[in-house]
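Down below is the structure, laid out as structure tokens.
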Amino acid sequence: MNYSSVKGSIKKDVALSRMSWLKVGGAADLLFKPCDKIDLQNFLKKTDKSLPVFVLGACSNLIIRDGGIDGICIKLGRGFRSIKVLDDGVISLGAASQSSHVAVEAARSGIDLTFLRTIPGTIGGAVSMNAGCYGTYVKDLFISGEFVSRDGTPITLNKNEMKFSYRKSSIPDGWVLTSANFKSNKKNPELLNLEMGQMIENRNRTQPRGVLSCGSAFKNPSGAASSGCLSESNDHKAWKMINDAGMRGFKIGSAQVSTKHSNFLINTGDATSAELEELGEKIIQSVFERFGVKLEWEIKIVGNKLNQE
Ligand SMILES: Cc1cc2nc3c(=O)[nH]c(=O)nc-3n(C[C@H](O)[C@H](O)[C@H](O)COP(=O)(O)OP(=O)(O)OC[C@H]3O[C@@H](n4cnc5c(N)ncnc54)[C@H](O)[C@@H]3O)c2cc1C
């Protein structure tokens, strides 16, 4: 394809490990960073439709396999980071905005998006994953999203069309969320700041900090909030089952189950994606043997294993 009319950056064979929270993974065949929505539309219109498109957020919920990602990876940047307060508690958010930053900015205008304060990553990733914590999920406050489809057409989807469920939405493959509107209650900004401070404290108490991880690796079988939002009952919580299956601290190579929060898989240094994935599979097996429950990955595993290249 001739990319001469494309304004954003296009690079071949880009190492993705440095972008990923786990610091693992192979290369993207092609990485496109559009400068704005029109640029993204033009690019997608022109590309060969047989090439798969994968959208990268901040990679805080991804194990990118060691063999990398085929086709096209798209990463939104500065042109997709706007945060605009509209009327009536509605806020329009660029998909590349950092969720934690959104929470702080919204609070300044008295809009309660505090649940995003301790969730790493971007609004694109949060919407795609129906991210949530402390009893609030994206689905509760999402109104609509602006997308560019795989063939470059701009499309708006409303909340019902997103079919949100536990850590899931129904964004079609290759579609890129460019912005989303959320609506929330108005509250006193000082109160919102206080609540966010408590959330940070709670995280620091319950989760390992300063380590390479993607947060909770497995969904709670009960569907209860998983990522460190240790709420009422711990029955059927993934971390408890992993703990009770004797996997806390278990290691494969440089991949380890956290000793502080047993639903966190950690890269202790030079782990490979293969080691992290193997560790996760070992957990699934151990929990199944102990409880007869099959844990499901919350982290998304994408790309090729090395021997599949
Ligand atoms: C320490 C830690 C704590 C965490 N705590 C929580 C928590 O409390 N609650 C929670 O829900 N999650 C939590 N997570 C997981 C993670 O932060 C969230 O899932 C986050 O929303 C992912 O955002 P991201 O930008 O990193 O997405 P990525 O990991 O890059 O991608 C995730 C998915 O979103 C898709 N995607 C990203 N951007 C777009 C876009 N613009 N258009 C279409 N699709 C897109 C990707 O294709 C992929 O399928 C935690 C992670 C860490 C590291």
Leaving ligands, DNA and RNA out of it, work out the accessible area of W175 with a 1.4 Å probe and give it in Å² to the nearest 10. 50 Å²
Where does the charge balance sit around I143 when Lys and Arg score +1, Asp and Glu -1, over other residues with C-beta under 9 Å from its C-beta? +2
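Sorted by accessible area (1.4 Å probe), largest first, how do S170, S222 line up?
On the way: S170 45, S222 70 Å².
Largest accessible area first, the list is S222, S170.
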Could you work out the local net charge near P34, counting Lys and Arg as +1, Asp and Glu as -1, over the other residues with Cβ closer than 11 Å to its Cβ? +3
At 222 nm, what helix-only mean residue ellipticity would the chain give, in deg cm²/dmol to the nearest 500, using -39500 (n - 2.57) for each DSSP H run of four or more? -7500 deg cm²/dmol
Over the heavy atoms of C214, what accessible area does a 1.4 Å probe trace out, to the nearest 10 Å²? 10 Å²
Can you give the accessible area of I299, probe radius 1.4 Å, in Å² rounded to 10? 10 Å²
Taking θ = phi - 60°, what integer Hz values does the Karplus form 6.51 cos²θ - 1.76 cosθ + 1.60 yield along segment 249-255, in sequence order, with x for Gly and Pro? x, 4, 10, 10, x, 9, 9
Based on the Cβ-Cβ distance of S50 and S165, what FRET efficiency does E = 1/(1 + (r/R0)^6) give at R0 = 22 Å, to the nearest 0.05? 0.15
Residues in segment 255-282 that a label on V211 would reach, taking backbone N under 16 Å of a point 7 Å out along Cα→Cβ: 255-272, 276-277, 279-280
Is the shape of the chain best called rounded, prolate or oblate, per the rule: a/c under 1.5 gives rounded, else a/b larger than b/c gives prolate, else oblate, with a ≥ b ≥ c the square roots of the Cα gyration tensor eigenvalues? oblate
Sequence-separation-based contact order of the chain, relative, with Cα cut under 8 Å and 6+ spacing, percent: 18 percent
How far, in nm, would the chain grow between N158 and D36 when pulled straight, counting 0.36 nm per residue and subtracting the alpha carbon separation? 41.7 nm
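The values are calculated or read from the model by the stated rules, or taken from the named source; none is laboratory data. Please read these numbers as outputs of a predicted model, since none were measured by experiment. FYI the Cβ positions are ideal-geometry reconstructions off the backbone, even for glycines, and counts take in every protein chain you see. Please note that ligands, DNA and RNA were not included when accessible areas were found on the heavy atoms of the full protein model with its side chains. Shrake-Rupley method; radii C 1.70, N 1.55, O 1.52, S 1.80 Å.
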